[in-house]
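Novice: Please find one structure pasted underneath; my questions will follow.
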Amino acid sequence: MMRRMLSSLPLLAALLAVTPAAAADAAGPVSEAERLVFEDAHLRNLPAKASLHYRYRHSETGQAEIDDEVVLTASPEEGKERVVHVDYLHGERHLALPDVADPISNPLILYFLEADVRDMRRRLGGQENYFRHRIRLALAEAATLSDVVVSHEGKAVQATRIEIRPYAADEQQERLRGLGNKIYRFTLSRLVPGGVYELSTHVAAPAGGQPLLEEVVTLRGEGGGDAPRQGPGYMTEEGK
């Protein structure tokens with residue numbers, strides 16, 4: 001039996017493709033992290049016709065910071081409640097994938113992960129399916145979930161943060177060229193439009209200080225807006 005998440009969104013089957021041996025393991029129950037990321041109805045609070053704007057920031061040691069935008073547009077079409085188009089970045093960074101009809105979860109997550117997988121292959125070589133498989137496995141077996149508070153449109157909002165380190169257990173760390181400690185964070189909330197507050201990856205410097213590599217996509221709001229981005233550090237674990 002295939003995982004339910006593979007049928008909930010057609011693009012997901014390609015994004016999380018696994019090797020034949022690993023596919024046999026995919027018959028187990030869906031983890032809470034997988035459910036929150038891939039199966040939760042993120043778009044439940046979004047009208048059939050709407051647009052969401054996200055700020056994108058990329059920082060890397062020795063390179064100029066990149067500041068860009070992601071725009072998600074939903075609109076009804078004949079025979080469909082809604083079709084979602086994601087305009088993911090611009091210029092040479094632009095990622096084009098097919099529009100998604102009647103999605104359950106927010107397709108932004110698929111774009112973010114697919115862009116990451118392609119970037120990892122570009123940096124390290126190898127097969128994209130290796131990186132997809134590691135992400136899938138980490139969400140299934142090794143995710144950490146925590147309650148956090150984020151700031152959206154000037155208000156404190158309850159959210160859930162899912163954190164994974166897909167490559168930490170890889171025994172051949174040398175081939176990962178310092179990216180073995182890469183952290184992925186999914187910050188989700190039913191209280192923000194589209195259900196996704198922030199997606200990020202982070203590669204810490206060996207001696208601390210500024211991260212070697214950081215990529216962050218943060219919700220600005222519906223229809224754009226000029227609200228400044230609250231950084232990934234603007235989260236507190238509940239009770240702290």
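Novice: Being modelled with pLDDT of 95 or more, of a type in the set (Phe, Trp, Tyr) and farther than 20 Å from residue 222 by Cα narrows it down to one of 184, 111, so name that one.
Specialist: 184
Novice: Take the residues in the stretch 116-125 that are out of contact with any Lys or Arg (no Cβ under 8 Å at 6 or more places or on another chain) and open to solvent by less than 60 Å² (accessible area, probe 1.4 Å); name whichever of them is farthest from residue 186 (Cα to Cα).
Specialist: Top of the filtered list is 125.
Novice: Can you name every residue in the stretch 139-155 that is hydrophobic (A, V, I, L, M, F, W, C) and assigned to a strand (DSSP E or B)?
Specialist: Passing the criteria: 145, 148, 149, 150.
Novice: I'm trying to understand the selection: among the residues of the stretch 163-179, which are free of Cβ contacts under 8 Å to residues at least 40 places away in the same chain and either farther than 15 Å from residue 206 by Cβ or assigned to a loop (DSSP other than H, G, I, E, B) (or both)?
Specialist: 163, 165, 166, 167, 168, 169, 170, 171, 172, 178
Novice: Please go through the stretch 115-143 and give me each residue that is within 16 Å of residue 199 (Cβ to Cβ) and either free of Cβ contacts under 8 Å to residues at least 24 places away in the same chain or more than 17 Å from the chain's Cα centre (by Cα) (or both), ordered by number.
Specialist: Selection gives 118, 119.
Novice: Now a separate question. Conditions: (1) touching a residue at least 40 places away in the same chain (Cβ under 8 Å); (2) more than 12 Å from the chain's Cα centre (by Cα). Residue 189 meets all but one. Number of the miss?
Specialist: (1)
Novice: Name the residues in the stretch 7-24 that are modelled with pLDDT of 50 or more and open to solvent by 30 Å² or more (accessible area, probe 1.4 Å), would you?
Specialist: 13
Novice: Ok, one more. Count, please, the residues in the stretch 28-55 that happen to be open to solvent by 50 Å² or more (accessible area, probe 1.4 Å) and in a helix (DSSP H, G or I).
Specialist: So the answer is 4.
The values are calculated or read from the model by the stated rules, or taken from the named source; none is laboratory data. Everything numeric here is computed off the predicted structure, so don't read it as measured data. Note: ideal-geometry Cβ built from the backbone for every residue, glycine included; neighbour counts use all protein chains shown. Accessible surface is based on the protein model in full, side chains and every heavy atom, while ligands, DNA and RNA are left aside. Shrake-Rupley method; radii C 1.70, N 1.55, O 1.52, S 1.80 Å.
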